[in-house]
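Following: one structure in structure tokens, then a few remarks.
The values are calculated or read from the model by the stated rules, or taken from the named source; none is laboratory data. No experiment lies behind these values; they were computed from the predicted model shown. As a convention, Cβ positions derive from the backbone with ideal geometry for all residues, glycine included, and neighbour counts pool all protein chains shown. These accessible areas exclude ligands, DNA and RNA; they are computed on the full protein's heavy atoms, side chains included. Shrake-Rupley method; radii C 1.70, N 1.55, O 1.52, S 1.80 Å.
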Amino acid sequence: MALERTFSIVKPDAVAKNLVGAIYQRFEAAGLRLVAAKMLHLSQEQAEGFYAEHKERPFFNALVSFMTSGPVMVQVLEGEDAVRKNREIMGATNPKEALAGTLRADYADSIDENAVHGSDAVESAAREIAYFFTDAELCPRTR
Ligand code: RTP
Ligand code: MG
């Protein structure tokens, strides 16, 4: 299994509910290590650019509106099989379909306000990390 990096967002609903620490705890308990993190209030342009792949989807405007509704935490997680592992911790997009014990089953209210984002592939992770972080902001573990 390869050491990977993935990109994650604690979305505005979860930040508003004071769940940042609880969500980071799940990442750490699963062996994913934080190598970068910051709080941001996304601009409309940042949110539209980040979700550009969904531009033609019916939920795009609602998604951008939600993602700019309050601050988010953006982070880079590193670990063995990090992309898949993070998606497993998150659970299905729709919390009604998410397995018990996943972040979305426990913390998401709806498919629209679903607590977390996680990259869906190594390639999208690299693009998403570069969208929010410079190389100098990444802090590889030295111990
Ligand atoms: P994400 O990108 O946020 O990690 O979520 P995902 O991969 O599980 O889902 P994706 O298909 O990439 O969709 C991105 C976000 O758009 C919202 N969405 N709403 N109403 C709907 O049918 C619908 N479908 C997707 C969700 O907030 C989803 O996380
Ligand atoms: Mg996605």
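Odds and ends about this structure:
- Charge dipole (the range 21-67, unit charges on Cβ, about Cα centre) - positive-most of Ala47, Val35, Phe66: Val35
- Highest GNM mean-square fluctuation among Val74, Val83, Val122, for the chain modelled with Cα contacts below 10 Å: Val122.
- Rounded FRET efficiency, nearest 0.05, which uses the C-beta distance separating His54 from Leu138 and R0 of 30 Å: 0.70
- Here's how it looks for Glu4: its modeled amide H is under 5 Å from those of Gly79, Glu80, Asp81, Ala82, which are all 5 or more places away or on a different chain.
- Comparing Asn114, Asn61, Asn94 in a Gaussian network model of the chain (Cα springs below 10 Å), the most mobile by mean-square fluctuation is Asn61.
- Contact order relative to length of the chain, as percent, for alpha carbon pairs under 8 angstrom and 6 or more apart: 37
- Percent accessible area from carbon and sulfur atoms, the chain, protein chains only, probe 1.4 Å: 52
- Straightening the chain between Asn94 and Ala30 buys 20.9 nm, computed as 0.36 nm per residue apart minus the Cα-Cα spacing.
- Computed over the chain with a Gaussian network model linking Cα atoms closer than 10 Å, the most mobile of Ile111, Ile23, Ile89 is Ile111.
- Per-residue Karplus couplings for the range 44-58, computed as 6.51 cos²θ - 1.76 cosθ + 1.60 with θ equal to phi - 60°, are listed in order as 4, 5, 4, 5, 5, x, 5, 9, 3, 4, 9, 3, 8, 7, x Hz, Gly and Pro entered as x.
- The helix-only estimate of mean residue ellipticity at 222 nm for the chain, built from DSSP H runs of length n ≥ 4 each weighted as -39500 (n - 2.57), is -10000 deg cm²/dmol after division by the residue total.
- The smallest convex shape that holds all Cα atoms of the chain, its convex hull, gives 110 Å³ per residue.
- Loop-resident GluC sites (Glu not before Pro) (DSSP state other than H, G, I, E or B) in the range 43-143 with no more than 14 further Cβ atoms inside 10 Å of their Cβ: Glu56.
- For the range 83-143, projected area of the alpha-carbon convex hull averaged over all directions, nm²: 5.4
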